[in-house]
1. Rounded to a whole number of µm²/s, how large is the Stokes-Einstein D of the range 82-180 at 20 °C and 1.002 mPa s, given Rh as the Kirkwood radius over C-alpha pairs?
2. Sequence-distant or interchain residues sharing an amide H contact under 5 Å with residue 254, placed H: which?
3. Ordered by packing density, taken as the mean number of other Cβ atoms within 10 Å over each peptide's residues, highest first, how do 245-258, 184-197, 106-119, 157-170 rank?
4. Which far-off residues, 5 or more places away or on another chain, put their amide H under 5 Å from the one on residue 149, with H placed in the peptide plane?
5. Could you run the Karplus curve 6.51 cos²θ - 1.76 cosθ + 1.60 with θ = phi - 60° over the range 169-182 and give me ³J(HN,Hα) per residue in whole Hz, x for Gly and Pro?
6. Counting only residues 5 or more places away or on other chains, whose amide H sits under 5 Å from the amide H of residue 231 once H atoms are built in the peptide plane?
7. Given 0.36 nm per residue, what is the gain on full extension from residue 326 to residue 180 after removing their alpha carbon distance, in nm?
8. How long are the three semi-axes of the equivalent ellipsoid for the range 192-239, computed from the Cα gyration tensor as the root of 5 times each eigenvalue, in whole Å, largest first?
Amino acid sequence: MKRLSFSKTAGVMAASVTLLGFGIITPLAAQAGSMVMEAFTQAQRTAAEKVRAFGLVPDLEPHIPADLSQSQNPTAQDSDGGGRGIIGLSDDRTPMTSRSYPWSAIGRLQSPIDSTTITICSGTLVAPDIVLTNAHCVINPETSEIKPDITFHPNMIDGRVADPSHIAQAVDLIYGTDFYNDNRAPHPQDWAFVILDRPLGDTYGTLAWTSLSVGELVRNHRNQIITAGYSGDFPAEAPGRTAGVHLGCNVLGEVEGSLIHDCDTHPGSSGGPMITIINGEYRIVGINSAERTERATNPTTGEVIASQGIVNYGVKIQPIIDFIRQAQR
């Protein structure tokens, strides 16, 4: 979790919750696969029809391609591991430069705001052509409108994917909320499935999920949670172009239906997986979604003196499973 020390200058303290999507300025001409979609062709289908059509089941199985290597280390062996973005006194993230499984299944989602700016989020392949992420990564919480031209860049490292032809376009969505009647943050239904135009999971692998109780996560998986995401502050020299991974953080409890955790995060990491190892398998046990920060401002100028991460939030897996089961009835 981000921890920043405060300036000794007197100031006003204010707490706020921030969704972890992020906007960055980038030359869109260099972003392959960002063609304008005329419409989401499946948008009028009911959620139940979509769940059945796309083969979503409560107990999806992971897929590890036979020719894909596996590694517990998110940093490639030939990487120097440098370039870490230090947040305040402590930042436990390391760059995700490995193209081995399970890191290969994690990628960056993006959508253009205008001709020079995109929003970025993170997501995980959970089926050959399905990415799990946050609803606010694909829906604008302020307008409840679907974001345009969403693309998924699998296992992006230093702004590049292994094969540019693997940059996939979103063709449909299934989401837990459109924030129309409730745009609070954190939101316990802040999850979404992004349906892609190509089966990337056949190449990059897929991760499965497991729903664990908060008590079990707290008691039995202490210092065992892993988060990964394309944060807007990391790496320091090229923010958002390589994912940051925090190995060995914790779920601390829950509040209003959302997990609370102490993993290092920053806007852009929204939608990234919260993972732990269960019976030798990497399993998604939550989705990183929001942070609560406290800011100190100069009472005279209103200038932000410093900010401190208080706690970070995640979406539980059980509401997603419940949704799929209900849709199958």
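The values are calculated or read from the model by the stated rules, or taken from the named source; none is laboratory data. Keep in mind it's a predicted model, so treat the numbers as computed, not measured. Cβ coordinates were reconstructed from backbone atoms using ideal geometry, including for glycine residues, and neighbour counts include every protein chain displayed. Calculation scope for accessible area: heavy atoms of the full protein, side chains included, ligands and nucleic acids excluded. Shrake-Rupley method; radii C 1.70, N 1.55, O 1.52, S 1.80 Å.
1. Roughly 143 µm²/s, to the nearest whole number.
2. Distant-sequence amide H within range of residue 254: 260.
3. Working: 245-258: 18.1, 184-197: 22.8, 106-119: 20.4, 157-170: 16.2.
Peptide ranking by packing, descending: 184-197, 106-119, 245-258, 157-170.
4. When sequence neighbours closer than 5 places are left aside, the close amide H contacts are 37.
5. 9, 6, 10, 6, 9, 10, 9, x, 7, 10, 6, 5, 9, 7
6. Result for residue 231 returns 240, 244.
7. 50.4 nm
8. Working through the eigenvalues yields semi-axes of 26, 22, 10 Å.
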